[in-house]
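Student: Mind having a look at this structure? Questions to follow.
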Amino acid sequence: MAEIVGGFLLPHDPLVTADPDAPSKEQGDAVRNAFKHVAKRLEELAVDTVIVVGDDHYTVFGPQCLPRCLIVIGDAAGPIEPWVRLPQEPFRINQPLAEHIMQHGFDNGIDWAVAKSITLDHSTSLPIHLCFQDKPGISAIPVLINSGVEPLIPNRRCYQIGQAMREAVLAWDGPERVAIIGTGGISHWVGMKEMGRVNVEWDQMIMAAVERGDAEAIIALSDDEIIRESGNGGLEIKNWIVALGFVDRFRGEVIEYQAVHEWVTGCGFMEIAA
Amino acid sequence: MSHFTTERTLWDIASGPAQTQSFLADPDGFLSRYPLNDAEKVMIKEKDVKGLEAMGSSSMLVMLFWVAVSGGFASLGEYLGRMNAPA
């Protein structure tokens, strides 16, 4: 039976690679080292499959189609945006397990949209590149939820999707050791007049809830409150909620936090484990 | 429903260099493909980002539209200036 070995929460801020010298060297290095730490932990945990939860930024998908939750079961590459300054490369995808999670979801109330072949934006591509693209033994299963564009997916549904993926993995006969990465956030105002602001107090409140294993405190936040206190980008804690539902009965440990105004984001890194 | 059409227009303009150039070369011709009213067409042509956001367009999309038609991310200072301009 496949095993769930834990998870990570981290930013997918494209400016980390698009504009690496914008913040102080100290702050930039702290963020880059946090990504390296996650990469090292994936190896230490002998992970072979990482579910990477992100959200499209009105980039791959437009007003003509906005998937509420999507799983990649086939070919994937990324990032699609040249300005992120990462090579657009194909990713290793654990297709059998991805198809199983898809089908298990169909059978248990998760109406996935499905990507058979896709070029992803930075939300999943950047963490894959920085955490395990160079590790041939680790494959990805990218998952997108609509935390970036209205109509937004509810927090509770995100947790349920995480739980459903957990149940699917635990029902899988393969030997995989699976981790999850919830990407995005924390506070940032993308395209809003406050862009550049970081709400450190809010970010710390979110991370403290994760530390004590209190998913409900985050799920209970309204979208209006999240936007008011942490911007439209702060809604990406929905991606984190999926990861919390996947790990279940978790405790969180802070890896790093940097309020990087030059990268317009509160960059929080955490490890979560049962 | 019209602001959905506005979002579609902004998304199309920002969706790639060819589309962006098509808009910049002939804004009126480009916008004539969409069922926009005159006020919406003016907002798009004048890059009225504050007005586009106020009518309900995604802030993220409005920014991507601006970046596409205004010379890239280096122009974000002017974008923020417009977003924060007094009404």
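Student: For segment A:1-56, what does the equivalent ellipsoid look like in terms of its semi-axes, each the square root of 5 times an eigenvalue of the Cα gyration tensor, given largest first in whole Å? All intermediate terms of the calculation are to be shown ahead of the outcome.
Tutor: Details: eigenvalues 141, 39, 10 Å².
Each semi-axis is the square root of five times an eigenvalue, giving 27, 14, 7 Å.
Student: Per residue, how many Å² of accessible area does chain B show with a 1.4 Å probe?
Tutor: Heavy-atom SASA per residue in chain B reads 48 Å².
Student: Helix A:25-44: angle to the longest alpha-carbon principal axis of chain A, degrees 0 to 90, nearest 10?
Tutor: Around 10 degrees separate the two axes.
Student: Taking the Cβ of A:Lys135 as the centre, find all other residues whose Cβ is under 11 Å away and add up their charges (Lys, Arg: +1; Asp, Glu: -1).
Tutor: Combined, the nearby Lys, Arg, Asp and Glu give -1.
Student: What is the angle, in °, between the Cα long axis of helix A:155-170 and the longest principal axis of the Cα atoms in chain A? Nearest 10 is fine, range 0 to 90.
Tutor: Long axis of A:155-170 versus the principal axis of chain A: about 40 degrees.
Student: Explain nothing, just compute: Karplus ³J(HN,Hα) = 6.51 cos²θ - 1.76 cosθ + 1.60, θ = phi - 60°, for every residue of segment A:48-55 in order, whole Hz, x for Gly and Pro.
Tutor: With the stated coefficients, segment A:48-55 comes to 10, 9, 10, 7, 10, 9, x, 8 Hz.
Student: Next up: I'd like the Karplus ³J(HN,Hα) series for segment A:19-24: coefficients 6.51, -1.76, 1.60, θ = phi - 60°, whole numbers in Hz, and an x wherever there's a Gly or Pro.
Tutor: Working through the residues one at a time gives 9, x, 9, 5, x, 4 Hz.
Student: Cα atoms only, the protein assembly as shown: Rg and Dmax in Å?
Tutor: 19.9, 61
Student: Please provide three numbers in whole Å: the alpha-carbon extents of segment A:1-97 along the principal axes, with the largest listed first.
Tutor: 42, 40, 23
Student: Excluding residues on the same chain fewer than 8 positions from A:Lys25, give the aspartates and glutamates whose Cα lies under 16 Å from its Cα.
Tutor: Counting by Cα, and skipping residues close in sequence, A:Lys25 has these aspartates and glutamates nearby: A:Glu256, A:Glu262.
Student: If you roll a 1.4 angstrom probe over the protein chains with everything in place, what fraction of the accessible area of chain B belongs to carbon and sulfur, to the nearest %?
Tutor: Here carbon and sulfur together make up 57 percent of the probe-accessible area.
Student: Run the quick spin-label model on A:Asp111 and A:Lys135: label points 7 Å from Cα toward the beta carbon, then report their separation in nm to one decimal.
Tutor: Taking the simple label geometry, A:Asp111 and A:Lys135 are separated by 3.7 nm.
Student: Note the buried accessible area between A and B here, summed over both chains, with a 1.4 Å probe, in Å² to the nearest 100.
Tutor: 1400
Student: In nm, to one decimal, how far is the A:Gln103 label point from the A:Trp83 one, both placed 7 Å along Cα→Cβ?
Tutor: So the label points at A:Gln103 and A:Trp83 sit 4.2 nm apart.
Student: Compute the acute angle (0 to 90°) between the alpha-carbon long axis of helix A:237-247 and the principal axis of greatest extent of the alpha-carbon atoms of chain A; round to the nearest 10°.
Tutor: The angle comes out at about 40 degrees.
Student: Which residues of segment A:172-191 end up with at least 30 Å² less accessible area in the presence of all protein chains than when their chain stands alone, using a 1.4 Å probe?
Tutor: A:Val190, A:Gly191
Student: Here's something else I'd like to know. Count charges around B:His3 for me, please; just the other residues with Cβ under 13 Å from its Cβ, Lys/Arg as +1, Asp/Glu as -1.
Tutor: With Lys, Arg at +1 and Asp, Glu at -1, the neighbours total -3.
Student: Further question: For A:Gln64 and A:Leu170, what is the calculated FRET efficiency with R₀ set at 35 Å and r taken between the beta-carbons, to the nearest 0.05?
Tutor: Efficiency at R0 = 35 Å is approximately 0.45.
Student: Please list, ordered by chain and number, the residues whose modelled amide H lies under 5 Å from the amide H of A:Gly6; skip anything fewer than 5 residues away on the same chain.
Tutor: A:Ile180
Student: Something else now. Looking at chain B, which GluC sites (Glu not before Pro) are in a loop (DSSP not H, G, I, E or B) and have at most 13 other Cβ atoms within 10 Å? Don't jump to the answer; show the numbers that get you there.
Tutor: Details: sites: B:Glu7, B:Glu40, B:Glu46, B:Glu53, B:Glu78; in loops: B:Glu46.
Passing both the DSSP loop test and the Cβ count: B:Glu46.
Student: Rolling a 1.4 Å sphere over the protein heavy atoms, what is the accessible area per residue of segment A:3-273, to the nearest Å²?
Tutor: I get 37 Å² per residue for segment A:3-273.
Student: Excluding A:Leu144 itself, what net charge comes from residues whose Cβ is under 13 Å from its Cβ, given Lys and Arg +1 and Asp and Glu -1? Walk me through the numbers on the way to the answer.
Tutor: Numbers: positive: A:Arg68, A:Lys238; negative: A:Asp55, A:Asp56, A:Asp121, A:Glu236.
It works out to a net charge of -2.
Student: Rounded, prolate or oblate, given the Cα gyration tensor of chain B, with a/c below 1.5 counting as rounded?
Tutor: oblate
Student: On the protein heavy atoms, probe 1.4 angstrom, tell me the percent of accessible surface of segment A:3-273 carried by carbon and sulfur.
Tutor: 49
Student: Okay, next question. Using a cut-off of 17 Å between alpha-carbon atoms, which aspartates and glutamates can reach B:Lys47, once sequence neighbours fewer than 8 places away in the same chain are excluded?
Tutor: Output for B:Lys47: B:Glu7, B:Asp12, B:Asp26, B:Asp28, B:Asp38, B:Glu78.
Student: A further question follows. Just to verify a number: FRET efficiency for B:Ser22 and A:Leu45, C-beta to C-beta distance, R0 = 45 Å, to 0.05?
Tutor: Result of the calculation: an efficiency of 0.35.
Student: Does anything in segment A:51-77 have its amide N under 12 Å from the 7 Å Cα→Cβ label point of B:Ser15, and if so which residues?
Tutor: A:59-65
Student: Now for a separate question. Take peptide B:59-70, look around each residue's Cβ out to 10 angstrom, count Cβ atoms belonging to other protein chains, and average those counts.
Tutor: Counting other chains' Cβ atoms within 10 Å and averaging over B:59-70 gives 4.
Student: Shape call for segment A:133-274 from the C-alpha gyration tensor, a ≥ b ≥ c root eigenvalues: rounded (a/c under 1.5), prolate (a/b greater than b/c) or oblate?
Tutor: Prolate, because a/c is 1.5 or more and a/b exceeds b/c.
Student: If you don't mind, there's one more thing I want to ask. Just read off the accessible area of B:Arg8 with the full protein assembly in place, 1.4 Å probe, to the nearest 10 Å².
Tutor: Only protein atoms counted, so the area is about 90 Å².
Student: For A:Ala76, what residues show an amide H to amide H distance below 5 Å, using hydrogens built from the backbone and excluding near sequence neighbours?
Tutor: Those lying under 5 Å, H to H, from A:Ala76 are A:Phe91, A:Ile118.
Student: Can you compute the modelled spin-label distance between A:Glu225 and A:Ala22, with each label point 7 Å from Cα toward Cβ, in nm?
Tutor: In this crude spin-label approximation the distance works out to 3.0 nm.
Student: If you don't mind, there's one more thing I want to ask. Output the peptides A:57-63, B:57-63, A:16-22, A:236-242 sorted from most to least packed, where packing is the average of other Cβ atoms within 10 Å over each peptide's residues.
Tutor: A:236-242, B:57-63, A:57-63, A:16-22
Student: What is the set of long-range amide H partners of A:Ala259 at a cut-off below 5 Å, with H atoms built 1.01 Å from backbone N?
Tutor: A:Cys267
The values are calculated or read from the model by the stated rules, or taken from the named source; none is laboratory data. Computed from a prediction, not measured in an experiment: that's the story for all the values here. Please note: Cβ atoms are built from the backbone with ideal geometry, for glycine as well, and neighbour counts cover all protein chains shown. When the accessible area is computed, the model is the full protein with side chains, heavy atoms only, and any ligands, DNA or RNA have been set aside. Shrake-Rupley method; radii C 1.70, N 1.55, O 1.52, S 1.80 Å.
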